[in-house]
Amino acid sequence: MTGPYPPGYGAGPVGPQMYGAQPYPENVPSPYPSMLPPPLPYPKRRWWWPVGAVILAVAVIGALVTAIVFASRDDAGTQAPVTDASAKAAIQEYLDALSKGDDQTVARHTLCGLFDAVKEHRSDLALAGLSSDAFRKQYSHVEVTSIDKIVAWSPNQAQVLFTMRVDPARGSTRNQSTKGEEQAVAQLLSQDNDVLVCSYLPRTAGQY
């Protein structure tokens with residue numbers, strides 16, 4: 001639109017201000033047909049339920065662990081523990097078998113409780129013979145003098161550090177100490193009132 005503005009243009013309020021304030025309508029119906037319902041009581045939290053469940057679970061676990069421990073003790077009680085005397089006797093028997101070439105005794109020890117259940121012993125006896133031959137090339141006589149340390153793996157299993165007095169075989173280049181003694185390690189198993197030498201390892205030589 002062009003031309004001059006009419007008189008009084010822009011002098012009055014614009015926007016919402018150009019309308020007068022309107023009164024709030026009365027008797028507006030409530031969205032609820034009647035009075036509000038009374039508040040419901042909030043249920044009390046039963047905190048003792050989770051605590052009781054935890055206590056019960058701990059008690060059950062404790063009972064199971066106790067039963068397992070006693071059961072293992074009962075099973076272990078049928079086997080004699082490895083002692084200094086039984087370890088010394090078993091190791092000496094094994095070393096004597098190596099010195100004499102008693103392959104069956106050597107195999108019975110090294111099979112570690114399986115000898116009677118094995119149906120074919122040819123390979124075991126052959127391996128025992130090789131071990132005996134290698135042992136006799138190093139020693140002419142061996143005597144266990146002391147049990148230095150027993151580390152029990154279980155009531156019927158142990159690793160034993162022992163000292164033996166050795167006489168070198170004729171022609172052996174093995175270096176001996178001034179007292180002719182050296183240490184070795186044996187792993188023992190006590191089964192059916194018998195102690196077996198499952199493995200034997202001199203501290204300064206190969207395994208036989």
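No value in this document is a laboratory result; all are computed from the given coordinates. These figures come from a predicted structure and were not determined experimentally. Note: ideal-geometry Cβ built from the backbone for every residue, glycine included; neighbour counts use all protein chains shown.
Express in nm, to one decimal, how much length is gained between Ala169 and Asp133 on full extension, taking 0.36 nm for each residue of separation and deducting their alpha carbon distance. Spell out each step's value before the answer.
Values: separation 36, 0.36 × 36 = 12.96 nm, distance 1.15 nm.
Between Ala169 and Asp133, full extension yields an extra 11.8 nm.
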Fraction of the pair-distance distribution of the stretch 79-204 above 20 Å, Cα-Cα pairs, percent = 43 percent
Placing each pseudo-label 7 Å from Cα in the direction of the beta carbon, Leu201 and Leu114 end up separated by a distance in nanometres of 1.9 nm
Contour excess over end-to-end distance, with Cα ends at Val151 and Arg122 and 0.36 nm allotted per residue = 7.1 nm
